[in-house]
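*Asks:* Below are the structure tokens for one structure; questions will follow.
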Amino acid sequence: MRFNIFASILVSIAAMSFDGSEARAQIDPWNTYSTTNNVSRCAVINAANAELVVSSVTGQFILVSSTDVTLQDTFVDADNFVFFEGEPFGSIGFATDGDGLLSLWWLTLTGTVIEIDSITAVPSATSKTPGDFTDAGCDACNFWDEPTACAAQTVTVPLCGVNVPVTLPMIGLGLGVMGFVRRGERRRSRGISKN
């Protein structure tokens, strides 16, 4: 009986997490890209001397290597082609880096890596390929300045007059534990021993 009440509470929490106004899905301020077979998923676009993300609102590059700065003269279209001051300037795509991992790169049409002038933010081609670089970035949260963009999503649940924050992973863990406990109760009620 207690289990059913507890299960009802957790299911209600899960339902609120998907339906409640306080629990809207987090929308990242950057685009995330996947390989065609979904083996790799990255948001950080690597350049020879910088890390960038693409704004999910404007399609512009945001330099995230130091202080986050929008590169106003850039635009990445739906086909991942990059434009600088309205002119085509390479594309972004996955390539194998020096660690042997797939990572996302800003490349020329010949496959060399782009670098960004540290003063003017003007891009230029290099003779280097992604294989010349190690420790390439992938997770935008490792670079993004605003911590709220990467905070764990929480749901507040009113319990005994107090709003208690519950994270979605906690809900999943609770439902998993309940299923395990419930199986144990069924075994005991049937007289089945684990030994």
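The values are calculated or read from the model by the stated rules, or taken from the named source; none is laboratory data. Values in this document were obtained by computation on a predicted structure and should not be read as measured data. Positions of Cβ are backbone-derived with ideal geometry, glycine not excepted, and every protein chain shown enters the neighbour counts.
*Asks:* Working only within the stretch 73-114, note down all residues that are under 20 Å from the mean Cα position of the chain (by Cα) and aromatic (F, W, Y).
*Replies:* Once the filter is applied, which keeps residues that are under 20 Å from the mean Cα position of the chain (by Cα) and aromatic (F, W, Y), the stretch 73-114 yields F94, W105, W106.
*Asks:* Here is a further query. Within the stretch 116-152, how many residues are touching a residue at least 60 places away in the same chain (Cβ under 8 Å), surrounded by fewer than 18 Cβ atoms within 10 Å (Cβ to Cβ) and more than 24 Å from the chain's Cα centre (by Cα)?
*Replies:* Looking only at that region, the number is 3.
*Asks:* Sticking with this one: Residues that are at pLDDT below 85: find the strands (runs of 3 or more DSSP E) completely inside the stretch 70-185 holding 3 or more of those.
*Replies:* Strands (runs of 3 or more DSSP E) meeting the threshold: 154-159, 162-167.
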